[in-house]
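What follows is a structure written as structure tokens; I'll ask about it next.
The values are calculated or read from the model by the stated rules, or taken from the named source; none is laboratory data. Remember, it's a predicted structure, so these values are computed and weren't measured experimentally. Backbone-built Cβ (ideal geometry, glycine too); neighbour counts: all protein chains shown. Heads up: the accessible areas ignore ligands, DNA and RNA and are worked out on the full protein's heavy atoms, side chains in. Shrake-Rupley method; radii C 1.70, N 1.55, O 1.52, S 1.80 Å.
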Amino acid sequence: MTAHYQVHGDIAVITLDNPPVNGLGLSTRQGIAQGMEQALADAAVVAIVLTGAGKAFSGGADIREFGSPKAMQEPNLNSVIQVLEKSTKPVVAAIHSVAMGGGLELALGCHYRVAAPGASIALPEVKLGLLPGAGGTQRLPRVLGVEPALNMIVSGEAIKSEMLAMLPGQKLFDKISASPATLADEVLAFARSVAAIRPLPLVRNLPCKHPLGDAYFQFARNMVGGMSKNYPAPLKCVDAVEAATKGKFEAGMAKEREIFINLMWTSESRALRHLFLGERAASKIPDVPADTPLRDIKSVAIIGAGTMGGGIAMNFLNAGVPVKMLEMKQEALDRGLATIRGNYEAQVKKGKLKQAKYDERMALLSTTLSYDDLSGTDMVIEAVFEEIGVKEAVFKELDRVMKPGAILASNTSTLDVNKIASFTKRPQDVVGLHFFSPANVMKLLEVVRGEKTAKDVMATVMAVAKKIRKTAVVSGVCDGFIGNRMIEQYGRQGGFLLDEGCTPEQVDKAMEKFGMAMGPFRMGDLAGNDIGWAIRKRRATERANMKYSKTADLLCEKGRFGQKTGAGWYDYKPGKRDAIPNAEVVKMIEDYRAAQGITPRKISDEEIVQRLVFALVNEAAHILEEGIANKASDIDICYIFGYGFPPYRGGPMLYADEVGLFNVVQAMHRFAQNPLDDAEFWKPAPLLAKLAAEGKTFN
Ligand code: NAI
């Protein structure tokens, strides 16, 4: 049982004890119900305190039960709350830290609530495409007022207990303790002080009205609808809270239940739940046990203070880790330093960063021109030019100076990490840490595991990623790793679509309508078309038999590298990021088409989306089969956090599952018939073909 029962004099204390956050799994729910039975049967007990062990009162549903029958097995959360409400002795919730989701709903079923200052209070279900399903939408408005409650339910954001306690007329908290440390004693005293009061107060009996009535809800719908397109849950939260103001409590509960069940079945909620679980699963590596001892990383060195080096440095400074940056020339160091300063100063100006914090962070940063100065650091990340010869020179120096056990990481985006490791006498300490640009903003970190990378190095860099607030996905070594290997096929399809009759704008618009943050051509302009050009040149011999549209090369020959040159697939005004279609580029594509003897055809948005997304899916299936990715959800996480794939579609793999792998394969057979496409590529990857034939899914 993951809830314990104790008696302190005349007060019974039921303690939720289901680490890490006292999720309300079946055995915890059973524990609460049993504790209540014991307390009610014991004549010496005059009141009951419900509290949580460890770091939370309760974080809500137990995610390990997500989607399993256990989640609904009796006593379900609503039944447990009814047990509390029907208690003939007062029940007091003691909230020392986190009360979220079902945890807050549980507390709202108690007669009284006492919280410590600083406790995080939230109903975050909307972030999973749901709404609170155990009375949260009916009870929170009754204790906080309709408007503050709706704001919390629609945003899902946590608010500190002492802030909520300041709301006029609030009945959420009966008392805020002097400090977290005094909560336990104060709650016992409070419970004794209310032990004799009858009738017992119930949240469900409180009135619930908004003074503006329907007008307020109309306003709320306009606001919420505008901010939540593609996500049905927030508007449904408005419906549920409105129901709380309209009829009897039970009718509101029924409405909440009905909406909850409908939302459970939406593809958006499936996608968001998949992401939530996928993000947690991504940090687990099958053959690296969770208790692997970590190496101590107290300081970091960064080689190269360019675009990536500077951004990477900021991640560590933000996390309070001292950083030493190395360059070959003082000018380069000065430039790198100025960029970091500029970034922070912009944040200070916008009020997003306090001056004192900025000073603190800059004080952690030092620079050097000498490798010998790095000997004391625990980890080094190389971010120099993407040339194997340059990497070789750097890693030989690192091998010479770094202390034994230091982690040697490379931010290479395409080079062979095994080869880089071979430049050292300690390949077990070498790993790829592929950050995405801008490195201080993008959440994704591809952790590239070399053939010889030690397990404790993997475990350590996963922990480091968490510390610097990145979402890490493990990739094996291959050209492009997970993300860029897939994007090559996506880009290739983009090129064929131009050849066959599309404009860059049409392709981008179709993909943006699908939900991508940016279509492929706008993305190319942002990243720099010259980078892909250089990669294609490097791969020219090994990809000699692979079919490409030549349009991207022609574009680069015109010097149209993208935003940085003010011209790429589109034009850009100085300092602006708006993509303005360019007639010359369209003409360039038309001329190329004519030279190839291609008669353009009208291509539907549906075909554009399917060809681009299924290209990702087919390559991803190869990646999975080769063991480059450990699981399908890792690929989804990679695309959502690194490539702007729409979260409400759950990533390319979940999207393919939703479309149905049989249908995906059928579409690939159709695409293979197109003489202007690449029939060889559209042969479904063996794993995909097998899953489709067996009626299975990736996830
Ligand atoms: P960059 O050209 O902006 O910066 C490279 C820096 O390294 C320059 O400041 C240069 O002075 C310095 N450098 C060159 N050789 C050096 C040496 N031997 N010792 C010390 N410093 C040296 O390049 P960027 O874009 O920052 O790329 C760096 C690495 O990050 C490359 O491996 C690249 O493939 C990778 N990468 C780049 C991404 C991007 O979007 N720019 C994204 C992900 C990875």
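With respect to T503, determine if the residue is over 25 Å from Y648 (Cα atoms), polar (S, T, N, Q) and open to solvent by less than 10 Å² (accessible area, probe 1.4 Å).
No: the conditions fail for T503.
Which number in (1) within 26 Å of S410 (Cβ to Cβ); (2) β-branched (V, I, T); (3) free of Cβ contacts under 8 Å to residues at least 12 places away in the same chain marks the one condition that V348 misses?
Answer for V348: the failing condition is (1).
Kindly check whether there is at least one residue in segment 419-429 that is touching a helix residue (DSSP H, G or I) at 6+ places or on another chain (Cβ under 6 Å) and closer than 23 Å to T471 by Cβ.
Looking through segment 419-429, none of the residues is touching a helix residue (DSSP H, G or I) at 6+ places or on another chain (Cβ under 6 Å) and closer than 23 Å to T471 by Cβ.
Now, a different point. Working only within segment 170-196, note down all residues that are open to solvent by 80 Å² or more (accessible area, probe 1.4 Å) and assigned to a loop (DSSP other than H, G, I, E, B).
K171, A178, A196, listed by residue number.
Hey, another quick one. Keeping to segment 175-210, report how many residues are out of contact with any helix residue (DSSP H, G or I) (no Cβ under 7 Å at 6 or more places or on another chain) and closer than 30 Å to A240 by Cβ.
Summing the residues that are out of contact with any helix residue (DSSP H, G or I) (no Cβ under 7 Å at 6 or more places or on another chain) and closer than 30 Å to A240 by Cβ in segment 175-210 gives 5.
Against the condition open to solvent by 40 Å² or more (accessible area, probe 1.4 Å), among the aliphatic types (A, V, I, L, M), away from the ligand (no atom under 15 Å from the Cβ) and within 22 Å of V441 (Cα to Cα), how does A319 come out, does it pass? I'd like the intermediate steps shown before the answer.
Values: open to solvent by 40 Å² or more (accessible area, probe 1.4 Å): no; among the aliphatic types (A, V, I, L, M): yes; away from the ligand (no atom under 15 Å from the Cβ): yes; within 22 Å of V441 (Cα to Cα): yes.
In short, no.
Just the residues that are touching a Phe, Trp or Tyr at 6+ places or on another chain (Cβ under 6 Å) and assigned to a loop (DSSP other than H, G, I, E, B), please, taken from segment 418-462.
If the condition is that a residue be touching a Phe, Trp or Tyr at 6+ places or on another chain (Cβ under 6 Å) and assigned to a loop (DSSP other than H, G, I, E, B), then F423, T424, M442, K443 are the ones that fit.
For every residue, the table says whether it meets (1) on the phi < 0 side of the Ramachandran plot; (2) near the ligand (Cβ under 10 Å from one of its atoms); (3) touching a Ser or Thr at 6+ places or on another chain (Cβ under 9 Å); (4) not hydroxyl-bearing (S, T, Y).
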residue: E397; (1), (2), (3), (4): yes, yes, no, yes
residue: G405; (1), (2), (3), (4): no, no, no, yes
residue: K419; (1), (2), (3), (4): yes, no, no, yes
residue: F423; (1), (2), (3), (4): yes, no, no, yes
residue: H434; (1), (2), (3), (4): yes, yes, yes, yes
residue: S437; (1), (2), (3), (4): yes, yes, yes, no
residue: A459; (1), (2), (3), (4): yes, no, yes, yes
residue: A465; (1), (2), (3), (4): yes, no, yes, yes
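Identify, by number, the condition in (1) under 15 Å from D605 (Cα atoms); (2) in contact with a Phe, Trp or Tyr (Cβ under 8 Å, 6 or more places away or on another chain); (3) open to solvent by 10 Å² or more (accessible area, probe 1.4 Å) that D508 doesn't meet.
(3)
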